[in-house]
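Have a look at the structure below before the remarks.
The values are calculated or read from the model by the stated rules, or taken from the named source; none is laboratory data. Remember, it's a predicted structure, so these values are computed and weren't measured experimentally. Here Cβ is always computed from backbone atoms with ideal geometry, including for glycine, and neighbour counts include all displayed protein chains.
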Ligand SMILES: Cc1cc2nc3c(=O)[nH]c(=O)nc-3n(C[C@H](O)[C@H](O)[C@H](O)COP(=O)(O)O)c2cc1C
């Protein structure tokens, strides 16, 4: 008998990326890579999800080669020989289990804070030196710094391809560096990187183009973006589908293959007058495959997780309805895959009553 959940287990076939099903592990920072080096435990953690029918793993944010890219010395990096060797092991393990994997390339920008991470003495960088709207703590990034960061993203992507990753994801969401350029709240520049929405996309466009130039035409580039910011959950880059189209067009032209539209609750319509969520609109506007995310299999959103909040396991009926309509192509699952590495298998077998709730204890170890 065909079950609705079978939709999740149909292969995903796109020009550059083929996956056995529609389930993606969402990027989740775990801070279990001492000194920035992902070890065997990290490789085993990802392998476990690949073995249990996760079609694509997007790794935790891993930092590009910039001293102030992170606030945490246990966040993995993507530069040193030791880190690269660690990532190679991760890729080997995931591939051995039949899975596919993309690193999420990350720079926190001003969201890093101060006097933290591998280079505590250095100041954080951002488009206008703003940590949040109205809160200026340093000078705007110089042209030199902009060019340098763009090149670092491109180098990391080239390295990812060499290592054997199947794609890369650029972290352009949640109020981190790339998103700090997108958002008026943190981008007050009056040069070609600030002002209109088009100009605010320029930094990301340069990153995507630079990556494309390094990895060639066949390597998939996934781009993650969000309306909401850690600095303001109600923030919006686009107030209408027309504005969303203006925002996405330059990124499509630059060479993005798949968009990852980060929302906190996948079932919420993005704009009035249509049931489409952000991923739904993104797919409709761009014609590119889109990934949805946010509370899949859980009844409450993820920000609470950082202050100890849990969530109960739920069915995914609204998701299957959206998938049935063809709103989007892929479904990223975050916390449900932390508490339950076998989440995808349980969904396929319709074992919803057997799902593990998400509790704060889950974040305490790398299982
Ligand atoms: C512990 C934790 C760490 C996260 N780290 C990242 C990250 O490094 N990069 C990112 O883009 N999103 C990150 N997120 C957001 C997730 O990718 C995802 O969008 C969010 O958890 C919503 O999905 P969920 O409701 O299925 O958990 C993180 C979420 C959690 C719970």
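Which one of these is buried (at least 18 other Cβ atoms within 10 Å of the Cβ) and either modelled with pLDDT under 95 or farther than 18 Å from residue 169 by Cβ (or both): 231, 246?
Among 231, 246, only 231 is buried (at least 18 other Cβ atoms within 10 Å of the Cβ) and either modelled with pLDDT under 95 or farther than 18 Å from residue 169 by Cβ (or both).
Among the candidates 319, 323, single out the residue that is at pLDDT 95 or above, within 15 Å of the ligand (Cβ to nearest atom) and surrounded by 21 or more Cβ atoms within 10 Å (Cβ to Cβ).
Of 319, 323, the one residue that is at pLDDT 95 or above, within 15 Å of the ligand (Cβ to nearest atom) and surrounded by 21 or more Cβ atoms within 10 Å (Cβ to Cβ) is 319.
Going by the structure shown, is residue 82 in contact (Cβ under 8 Å) with a residue 24 or more places away in the chain and within 19 Å of residue 344 (Cβ to Cβ)?
No.
Would you point out which residue out of 291, 303 is surrounded by fewer than 17 Cβ atoms within 10 Å (Cβ to Cβ), under 17 Å from the mean Cα position of the chain (by Cα) and within 14 Å of the ligand (Cβ to nearest atom)?
The conditions single out 303.
I'd like the residue in region 251-267 that is within 12 Å of the ligand (Cβ to nearest atom) and surrounded by fewer than 21 Cβ atoms within 10 Å (Cβ to Cβ) and, out of all such residues, is nearest to the chain's Cα centre (by Cα). Working first, answer last.
Of region 251-267, the ones within 12 Å of the ligand (Cβ to nearest atom) are 260-267.
Next, from what is left, pick out any that are surrounded by fewer than 21 Cβ atoms within 10 Å (Cβ to Cβ): 263-265, 267.
Working: 263: 11, 264: 13, 265: 15, 267: 19 Å.
If we take residues in region 251-267 being within 12 Å of the ligand (Cβ to nearest atom) and surrounded by fewer than 21 Cβ atoms within 10 Å (Cβ to Cβ), then 263 is nearest to the chain's Cα centre (by Cα).
Quick one: count up the residues across region 327-367 that are loosely packed, with under 15 Cβ neighbours inside 10 Å, in contact (Cβ under 8 Å) with a residue 12 or more places away in the chain and more than 15 Å from the ligand (Cβ to nearest atom).
The total comes to 2.
What about residue 36, is it more than 13 Å from the ligand (Cβ to nearest atom), buried (at least 19 other Cβ atoms within 10 Å of the Cβ) and over 21 Å from residue 88 (Cβ atoms)? Walk me through how you get there before you give the answer.
Working: more than 13 Å from the ligand (Cβ to nearest atom): yes; buried (at least 19 other Cβ atoms within 10 Å of the Cβ): yes; over 21 Å from residue 88 (Cβ atoms): no.
Spelling it out, it is not the case that residue 36 is more than 13 Å from the ligand (Cβ to nearest atom), buried (at least 19 other Cβ atoms within 10 Å of the Cβ) and over 21 Å from residue 88 (Cβ atoms).
Tell me, which residue of region 268-287 that is crowded, with 19+ Cβ neighbours inside 10 Å and over 19 Å from residue 233 (Cα atoms) is nearest to the ligand (Cβ to nearest atom)?
Here the answer is 282.
Counting only residues that are within 13 Å of the ligand (Cβ to nearest atom) and not in a loop (DSSP other than H, G, I, E, B), which one in region 10-33 is surrounded by the fewest Cβ atoms within 10 Å (Cβ to Cβ)? Talk me through it step by step, then tell me what you get.
Of all residues in region 10-33, those within 13 Å of the ligand (Cβ to nearest atom) come to 23-33.
Now drop any that are not not in a loop (DSSP other than H, G, I, E, B), which leaves 23-25.
Working: 23: 26, 24: 30, 25: 28.
Of everything passing the filter in region 10-33, 23 is surrounded by the fewest Cβ atoms within 10 Å (Cβ to Cβ).
For region 48-65, which positions are more than 19 Å from the chain's Cα centre (by Cα) and part of a helix (DSSP H, G or I)?
48, 51
Read through the list (1) surrounded by fewer than 24 Cβ atoms within 10 Å (Cβ to Cβ); (2) within 16 Å of the ligand (Cβ to nearest atom); (3) not in a loop (DSSP other than H, G, I, E, B), then give the number of the only condition that residue 237 fails.
(3)
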